[in-house]
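Read the figures in this text as sums done on the coordinates, not as results from a lab. Nothing here was measured: the structure is a model prediction, and the numbers come from that model. No Cβ is skipped: glycine too gets one built from the backbone with ideal geometry, and neighbour counts run over all protein chains shown.
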Amino acid sequence: MKRFKGTGVAIVTPFKNDSSIDFSALGRVINHVIKGGVNYIVAMGTTGEASTLTKDEKHAIVSYVTEAIDSRVPLVAGIGGNNTQDVINTIRELDLQGVDAILSVAPYYNKPSQRGLFEHFKAISACSPLPLMIYNVPGRASCNISSDTCLELAHECDNIIAVKEASGDLAQIMRIIKGKPGNFMVISGDDMLIIPVIAAGGSGVISVLANAYPSECNEIVSNAMNNNFKAARDAHFRFIEAIELLFADGNPSGIKAFMSIMDLCQNNLRLPLVPVNSNVYSRIKKFVEGVK
């Protein structure tokens, strides 16, 4: 569990102009975030545009990222979907050597009941050879993993070790923290809520911002984890505008704009995602130039 406390980063998947994966840029991103002090990396999450990756590309990304990390930090692989059996099949088919945990998003579009959500994650947990983190993001999934369901999973499934909470509902998050077993982590899935989630007893963040600003994000998290909330606030307030810009015209469109301006990767996304509009891009560029 200690390996997944602090600053995690949900890395982007860089693409070339022809929409193929830019593995050279992916290597730069990995080295950039590790040099910036992140505690672990999440590949093929929402920010990694996992829903647009083919099965072969997912195999290639896991293989490449494992080699590029070279055991410097733990690796979490995003393996989720709205077809439970397909998620299980993917876990069984992927070469997970070098992967330390799996992050699995709540099933989207189907809008399952709470019992359906419980059975979905219980089935994935039963087949997973690795620790499992569940990802609650109602804004994308159109369903919310309630605090009761999350706690039932935490208490009944030994290898479900964490929830990435992106509901934005602090009351729900605090109910989970209050009722969770000692070996279960609540991780903020929202850069804007890093401080309140950690203050309530959370274990850190899986960040989008840390793709571009890993050391600055780590400063916020480390200070909050050490109960130095004034320093955490001061660091966080400097990046409130950046966090807002990340999502002003969609994620990962926002973070890829930041990273293209910083020469970390090209500003390419796969449809149906497109780059941010010119107004947001100009504001992002102004912010990046102001930080230099």
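Placing unit charges on the Cβ atoms of the charged side chains and taking the dipole of the chain about its Cα centre, the candidate lying farthest along the positive direction among VAL42, CYS217, ILE124 is CYS217.
Could you give the length gained by full extension between SER20 and TYR109, i.e. 0.36 nm per residue of separation minus their alpha carbon distance, to one decimal place? Display every interim value, and only then the final one.
Details: separation 89, 0.36 × 89 = 32.04 nm, distance 2.71 nm.
Length difference between fully extended and current span is 29.3 nm.
In whole Å, what three semi-axes, largest first, describe the equivalent ellipsoid of segment 97-198 built from its Cα gyration tensor (square root of 5 times each eigenvalue)? If you can, show how the numbers build up before the last one.
On the way: eigenvalues 71, 53, 37 Å².
The three semi-axes for segment 97-198 are 19, 16, 14 Å.
From helices alone, the chain scores -13500 deg cm²/dmol at 222 nm; the rule is -39500 (n - 2.57) for each run of n ≥ 4 DSSP H residues, then divide by the residue total. Between LEU273 and HIS155, the modelled label-to-label distance comes to 3.7 nm, taking each label 7 Å out from Cα in the direction of the beta carbon. Rounded to the nearest 20 debye, the dipole magnitude of segment 2-224 is 360 debye, with +1 charges on Lys and Arg beta carbons, -1 on Asp and Glu beta carbons, and the Cα centre as origin.
3J(HN,Hα) along segment 49-62, derived from phi through the Karplus expression 6.51 cos²θ - 1.76 cosθ + 1.60 where θ = phi - 60°, amounts to 6, 4, 5, 9, 8, 7, 4, 5, 5, 5, 4, 5, 5, 4 Hz, with x in place of Gly and Pro.
Antiparallel versus total DSSP beta bridges in segment 2-224: what percent is that, nearest 5? Don't jump to the answer; show the numbers that get you there.
Details: 1 of 28 bridges.
Of all bridge pairs located within segment 2-224, approximately 5 percent are antiparallel.
Less than 5 angstrom separates the built amide H of GLY6 from those of GLY204, VAL205, all sequence-distant by 5 or more or on a different chain. By the rule of a C-alpha distance below 23 Å, with chain neighbours fewer than 8 residues away ignored, the lysines paired with LYS5 are LYS35, LYS164, LYS178, LYS180, LYS230.
A value for percent of Cα pairs over 29 Å apart was derived from the coordinates, and within the list (i) 32; (ii) 42; (iii) 29 it appears as (iii).
Roughly speaking, what is the stretch gain from GLU119 to ARG72, that is 0.36 nm per residue apart minus the C-alpha to C-alpha distance, in nm to one decimal?
Details: separation 47, 0.36 × 47 = 16.92 nm, distance 3.48 nm.
Difference between extended and current length: 13.4 nm.
Spin-label model, ASP148 to ALA60: label points 7 Å out along the Cα-to-beta-carbon direction sit 4.6 nm apart.
Taking other C-beta atoms within 10 angstrom as a stand-in for reagent exposure, LEU117, LEU269 fall in the order LEU269, LEU117, fewest first. Among CYS157, CYS150, CYS127, the order by Cβ neighbours within 10 angstrom, fewest to most, reads CYS127, CYS157, CYS150.
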